[in-house]
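Remarks on the structure that follows.
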Amino acid sequence: ETGVTQTPRHLVMGMTNKKSLKCEQHLGHNAMYWYKQSAKKPLELMFVYSLEERVENNSVPSRFSPECPNSSHLFLHLHTLQPEDSALYLCASSQEREPYYGYTFGSGTRLTVV
Amino acid sequence: AQSVTQLDSQVPVFEEAPVELRCNYSSSVSVYLFWYVQYPNQGLQLLLKYLSGSTLVKGINGFEAEFNKSQTSFHLRKPSVHISDTAEYFCAVSEVQAGTALIFGKGTTLSVSS
């Protein structure tokens, strides 16, 4: 266990469904990130939260909606997804947004859109 | 903007053989460099990082990497691999500036066989 917990581990959803991914960390970090990992592509940074404020949104479609209610929890709300959205979604956290520290990653949620 | 190129998508080796996984980066400013490992069905785990100082960096599990500024490279090496080293390895770069996120390469699959 790395200290960053993601649930669920696997999710299959239809294109008309609404679901949420959850990420939780108790490392005392105050920056959290969502990455999308697709086969043979670089990890794509989706969202960055610092002190519960969204500070970066890398041109992610509106069908992905993040939420950070406090520094320990991060959600990714999903609705009307497309099959190409099937991927491993990774949550990470860090101390400050200082890259010096590196990131701690969760185990990911394997999402399949049917 | 910085970028990362991992030159080999797959590297097959035999157990106890040496291995080198190649990584080149592009950036107009000073950078931090990282190697992460991802075992099947898990998130990314930090192997080692270069921040400053000695260009030879030692990490966990017997891995090391050497920063070469003139060649903009940060190759990962291990003198003798084990079956358990079979995994996906990711090189990442970040500018030496607070607030910048990690940018990852596409990854290299290391397959160790007996």
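Applying a 4.7 Å cutoff between beta carbons, the unpaired cysteines of the protein assembly as shown are A:CYS68.
If you take the square roots of the eigenvalues of the alpha-carbon gyration tensor of chain A and sort them as a ≥ b ≥ c, do you get rounded (a/c under 1.5), prolate (a/b over b/c) or oblate? It comes out prolate by the Cα gyration axes. If you wrap the Cα atoms of the range A:50-111 in a convex hull and average its projected area over all directions, you get 4.8 nm².
Averaged over the residues of peptide B:43-51, the number of Cβ atoms from other protein chains lying within 10 Å of each residue's Cβ is 5.
On the basis of the beta-carbon distance and an R0 of 25 Å, A:ARG54 and A:VAL114 show a calculated FRET efficiency of 0.25. Per-residue mean of foreign Cβ neighbours for A:5-13 is 0 (Cβ atoms of other chains, 10 Å radius).
The alpha carbon gyration tensor of the range A:4-46 gives principal lengths a ≥ b ≥ c with a/c of 1.5 or higher and a/b no greater than b/c, which makes the shape oblate. For A:PRO8, what charge total do you get from the other residues with a beta carbon under 12 Å from its beta carbon, if Lys and Arg give +1 and Asp and Glu give -1? Net of charged neighbours comes to +4. Using a simple spin-label model with pseudo-atoms 7 Å out from Cα toward Cβ, B:TYR39 and A:LYS40 lie 2.7 nm apart.
Ordering B:LEU7, A:LEU21 by the number of other Cβ atoms within 10 Å of each residue's own Cβ, fewest first, gives B:LEU7, A:LEU21. Sorting A:59-65, B:17-23, B:73-79 by their mean Cβ neighbour count within 10 Å, with the most densely packed peptide first, gives B:73-79, B:17-23, A:59-65.
For B:THR72 and B:SER111, the FRET efficiency from 1/(1 + (r/R0)^6), where r spans their Cβ atoms and R0 equals 35 Å, is about 0.80.
Every number in this text was worked out from the coordinates using simple rules, so none of it is lab data. Only a predicted model underlies this, so the values are computations on that prediction, with no experimental measurement involved. Glycine gets a Cβ as well: all are built from the backbone with ideal geometry, and neighbour counts include every protein chain shown.
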